[in-house]
1. Based on what the data block shows, is residue 121 more than 16 Å from residue 164 (Cβ to Cβ) and either of a type outside the set (A, V, I, L, M) or open to solvent by 60 Å² or more (accessible area, probe 1.4 Å) (or both)?
2. Tell me which of these residue 58 doesn't satisfy, since it passes every other one: (1) within 14 Å of residue 140 (Cα to Cα); (2) modelled with pLDDT of 80 or more; (3) aliphatic (A, V, I, L, M); (4) open to solvent by less than 50 Å² (accessible area, probe 1.4 Å).
3. Does residue 28 meet the test of being open to solvent by 50 Å² or more (accessible area, probe 1.4 Å) and either of a type outside the set (A, V, I, L, M) or at pLDDT 80 or above (or both)?
4. Scan the stretch 177-184 and give yes if some residue there is assigned to a loop (DSSP other than H, G, I, E, B), at pLDDT 85 or above, touching an Asp or Glu at 6+ places or on another chain (Cβ under 9 Å) and of a type outside the set (D, E, K, R), otherwise no.
5. Starting from residues that are within 17 Å of the chain's Cα centre (by Cα) and open to solvent by less than 20 Å² (accessible area, probe 1.4 Å), keep the ones in the stretch 78-106 and report whichever is nearest to residue 32 (Cα to Cα).
6. Looking at residue 159, is it over 23 Å from residue 58 (Cβ atoms), among the acidic types (Asp, Glu) and at pLDDT 85 or above?
7. Does any residue of the stretch 61-76 turn out to be open to solvent by less than 30 Å² (accessible area, probe 1.4 Å), at pLDDT 85 or above, part of a loop (DSSP other than H, G, I, E, B) and on the phi < 0 side of the Ramachandran plot?
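The values are calculated or read from the model by the stated rules, or taken from the named source; none is laboratory data. Computed from a predicted structure; not experimentally measured. FYI the Cβ positions are ideal-geometry reconstructions off the backbone, even for glycines, and counts take in every protein chain you see. Just the protein is used for accessible areas: all its heavy atoms, side chains included, with ligands, DNA and RNA removed. Shrake-Rupley method; radii C 1.70, N 1.55, O 1.52, S 1.80 Å.
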Amino acid sequence: MPRRPSPEGERALRTVLAGGFTFYGLISALPELPVPLPEWVYREVVGDQHLSVRCQAIGVLPHGHDAVVLQALLNLHGQAPLPHGQVACTSDALREATSSLSPDLSLTDRQLHDSLKRLKSATLTVTRQQGPRGSTAHLSFLDNLEFDIRERADVFLLDTVSVRLPERILRLGQLDTPNRRSVPVEELLELKP
């Protein structure tokens, strides 16, 4: 049975996960993580319901503007849907989509590249237990990632980006897009694959 985190642990988790533009409460809004963080676990107990969300990443967990980049990809897909959740665009188009969500945000090609790599490396395991019944879902932010890069001397150019968005995240994105609001992690489990 999951144990409720200590009050100090809950405060620390809220510091990492809370923020103005948090993607479903699953990406930290902090511009930089206080320490390199390859994993976090969020647990909540309400009555006889137990919710556990574990996020793991190769490297560092998504944070900061990664939420805006992911929402921008969802918006680009909504504007010109390709089969199987595919999004193919230039770095300029992705940058424009992020700026429309957050006008003060101006990302370099390197920042877009790093953000996409963090999103690709993260996986989520969401478990909900109510009484004797439970369910577990495995999710990712991006199913596939390809990009064309040109690097010379100290210049880094990201030409094109191609990603495949998971169907579950796409459904959540469509639910969230009109309001641009954070969706509680509990809602993640209400949508079936």
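1. Numbers: more than 16 Å from residue 164 (Cβ to Cβ): no; either of a type outside the set (A, V, I, L, M) or open to solvent by 60 Å² or more (accessible area, probe 1.4 Å) (or both): yes.
Judged against the criteria, residue 121 is not a match.
2. Unmet condition: (4).
3. Numbers: open to solvent by 50 Å² or more (accessible area, probe 1.4 Å): no; either of a type outside the set (A, V, I, L, M) or at pLDDT 80 or above (or both): yes.
For residue 28, the condition - open to solvent by 50 Å² or more (accessible area, probe 1.4 Å) and either of a type outside the set (A, V, I, L, M) or at pLDDT 80 or above (or both) - is not met.
4. We begin by selecting, within the stretch 177-184, every residue assigned to a loop (DSSP other than H, G, I, E, B); these are 177-184.
Right, trim to at pLDDT 85 or above and you get none.
Looking through the stretch 177-184, none of the residues is assigned to a loop (DSSP other than H, G, I, E, B), at pLDDT 85 or above, touching an Asp or Glu at 6+ places or on another chain (Cβ under 9 Å) and of a type outside the set (D, E, K, R).
5. Among those that are within 17 Å of the chain's Cα centre (by Cα) and open to solvent by less than 20 Å² (accessible area, probe 1.4 Å), it is 98.
6. Numbers: over 23 Å from residue 58 (Cβ atoms): yes; among the acidic types (Asp, Glu): yes; at pLDDT 85 or above: yes.
Taking the combined requirement at face value, the residue satisfies it.
7. yes
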